[in-house]
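Comments concern the structure below.
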Amino acid sequence: MTYTGSRTTNGGWALVTGACSGIGLELSRNLARRGYPLIMVSNRETELIAAAEQLASEHGVSTQAIAFDLARPDASRSLYEEVRRRALDVDVLVSNAGMFFFGEAVEADPDRAEGMLHLHVVTPSLLARWFGGDMRARRHGHVLFVSSICAWRDFPGIAWYGSSKRYLRSFSASLREELAPWGVSVTCLAPGAVATDLYDKTGVPVQKAVKYKVMADPARIAKAGVDGMLRGKAVVIPGLSAKIMTAAMATMPQGLIHLLRTRAPFLPMPDKEPSDR
Ligand SMILES: NC(=O)c1ccc[n+]([C@@H]2O[C@H](COP(=O)([O-])OP(=O)(O)OC[C@H]3O[C@@H](n4cnc5c(N)ncnc54)[C@H](OP(=O)(O)O)[C@@H]3O)[C@@H](O)[C@H]2O)c1
């Protein structure tokens, strides 16, 4: 469904995944504010349609809502074909959709873990393959991957999440080199902790974290991401504390990670010693 407004940039659309909440909704809002018509993609249809209608009326841009499960193995090709069917040229691709869970890697629900790898690794890479190819042919465009500061460190308890975000950081850097000569920029956005629904039901005390400014406002993260992307930056780590944490994590000895794990209640330790299992 299209919600029509009057403002456009040069006619190219911005496609944002995970657009109905959190950072993705704020990235969409920021792009709409700059005049980009939006293709908003997410899982929950009702919320997505409401968000698309709201941004169209707030900012006077056209918006299209495509409800899609991006954790499906064939998601990237099907989404690309749907966008082609609608005859939309994508100038900005934002791969933001994500999920999160804590736990021992070998205790993870295998379907959930597989879904995460599709959502964080396969789908963003192949979306960049399809839409990036079109951008290269047109000699302009922007790709933004939403990774995380945990891409700079290997953490127990978030092996599936952290390593998939590390992949995105690496893929983004390689793709950037390949597409730069063709006028296409590739940026990796790596936020620290942000107050969104991502941590829902994981036991992270979000309200407290916001109160003590441990978690950032998603609108601020989105602004830094879009500013950095349009300036053609390679990596955007929004905020001083996230920058300091990234530098610290990159140089931290692994022993300290082990100590943190024994102290932090949200990084699970096995109930029993390995020899008892
Ligand atoms: N919050 C943080 O502290 C933080 C820090 C660093 C990086 N990030 C990254 O930022 C990105 C956005 O997360 P957020 O914090 O804004 O959390 P969020 O509010 O939970 O947003 C996640 C978005 O991804 C979408 N999504 C999840 N599974 C999907 C699927 N199978 N198919 C289609 N869409 C799906 C969700 O849509 P539905 O609700 O419709 O499923 C939602 O719009 C993620 O990649 C996350 O890893 C977050």
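In the stretch 94-124, how many are more than 14 Å from the ligand (Cβ to nearest atom) and either closer than 30 Å to Gly35 by Cα or part of a helix (DSSP H, G or I) (or both)? Of the residues in the stretch 94-124, 4 are more than 14 Å from the ligand (Cβ to nearest atom) and either closer than 30 Å to Gly35 by Cα or part of a helix (DSSP H, G or I) (or both). The set of residues in the stretch 44-59 being surrounded by fewer than 18 Cβ atoms within 10 Å (Cβ to Cβ) and either of a type outside the set (Ser, Thr, Tyr) or touching a residue at least 12 places away in the same chain (Cβ under 8 Å) (or both) consists of Arg44, Glu45, Glu47, Ala50, Glu53, Gln54, Ser57, Glu58.
The residue of the stretch 182-223 that is farthest from Leu27 (Cα to Cα), among those that are at pLDDT 90 or above and β-branched (Val, Ile, Thr), is Val184.
When Pro156 is tested against (1) out of contact with any strand residue (DSSP E or B) (no Cβ under 9 Å at 6 or more places or on another chain); (2) of a type outside the set (Asp, Glu); (3) away from the ligand (no atom under 16 Å from the Cβ); (4) not in a loop (DSSP other than H, G, I, E, B), only condition (4) is not met. Across the stretch 1-46, the number of residues qualifying as part of a loop (DSSP other than H, G, I, E, B) and either modelled with pLDDT of 95 or more or over 21 Å from Arg231 (Cα atoms) (or both) comes to 14.
Against the list (1) part of a loop (DSSP other than H, G, I, E, B); (2) away from the ligand (no atom under 12 Å from the Cβ); (3) modelled with pLDDT of 95 or more, the condition Leu55 fails is (1).
The values are calculated or read from the model by the stated rules, or taken from the named source; none is laboratory data. The shown structure was predicted, so the numbers you read here are calculated from the model rather than taken from an experiment. Please note: Cβ atoms are built from the backbone with ideal geometry, for glycine as well, and neighbour counts cover all protein chains shown.
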